[in-house]
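Below is one structure; the comments refer to it alone.
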Amino acid sequence: MEIVKQKHNMGCGIACVASVVEDSYDNVLKRCKSPQNAFEIGFYMPELKRLLKLYGKGNYSFRKYSLCYNKYLQKNGTIIFIKKSKIYPCGHYLNKIDEGWMNPWINCPIISPLRAGIDTSIKESMVDYILFENDQIL
């Protein structure tokens, strides 16, 4: 999995899926039901799950985060949605890669140049929802 930069204000979920499936941001966005959501609305977990399935990763589930899902925070390919904050007023998606949490807009709110990178500031208490690959049916 590689670091993928989001190209639109609300494209963090698309960048995370692109990282997990190892495809480009643009290719993943083209497969969205409503690609225009990347500009203002963003994407919800069901759409990210649907996109993962299109790429052959059909064993993903999403849940409101609680401690029982803690083990998935260590697994590459897990996508999290962090709670709204001063820096991310609409929340924000990140995904787990070998090096840590891939943040598709790590220098938010700076737009030019927008940078992606590894975020070491993520704490479990920040996680609102989790999209993870099942190793068993829940």
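The values are calculated or read from the model by the stated rules, or taken from the named source; none is laboratory data. What you are looking at is a predicted structure, and each value in this text was computed from that prediction instead of being measured. Using ideal geometry, Cβ is built from the backbone for each residue, glycine included, and neighbour counts are taken over all protein chains shown.
Scanning segment 26-39 for residues that are within 13 Å of Asn95 (Cβ to Cβ) and among the aromatic types (Phe, Trp, Tyr) turns up nothing. Within segment 55-76, the set of residues being out of contact with any Asp or Glu (no Cβ under 9 Å at 6 or more places or on another chain), surrounded by 13 or more Cβ atoms within 10 Å (Cβ to Cβ) and hydrophobic (A, V, I, L, M, F, W, C) comprises Phe62 only.
When Ile110, Ile118, Ile130, Ile106 are checked against the criterion of being in a loop (DSSP other than H, G, I, E, B) and either over 17 Å from Lys7 (Cα atoms) or touching a strand residue (DSSP E or B) at 6+ places or on another chain (Cβ under 7 Å) (or both), Ile106 stands alone in meeting it. Only residues that are surrounded by 16 or more Cβ atoms within 10 Å (Cβ to Cβ) and either modelled with pLDDT of 95 or more or under 18 Å from Tyr72 (Cα atoms) (or both) were counted in segment 107-118, giving 2.
Every condition in (1) over 19 Å from Lys7 (Cβ atoms); (2) touching a Pro at 6+ places or on another chain (Cβ under 9 Å) is met by Tyr93 except one, and the failing one is (1). Looking at segment 77-99, is at least one residue assigned to a loop (DSSP other than H, G, I, E, B), without any contact (Cβ under 8 Å) to a residue 12 or more places away in the chain, among the acidic types (Asp, Glu) and loosely packed, with under 14 Cβ neighbours inside 10 Å? Among the residues of segment 77-99, not one is assigned to a loop (DSSP other than H, G, I, E, B), without any contact (Cβ under 8 Å) to a residue 12 or more places away in the chain, among the acidic types (Asp, Glu) and loosely packed, with under 14 Cβ neighbours inside 10 Å, which makes the answer no. Residues in segment 89-103 that are more than 16 Å from Thr120 (Cα to Cα), within 14 Å of the chain's Cα centre (by Cα) and not hydrophobic (A, V, I, L, M, F, W, C): 1 in all.
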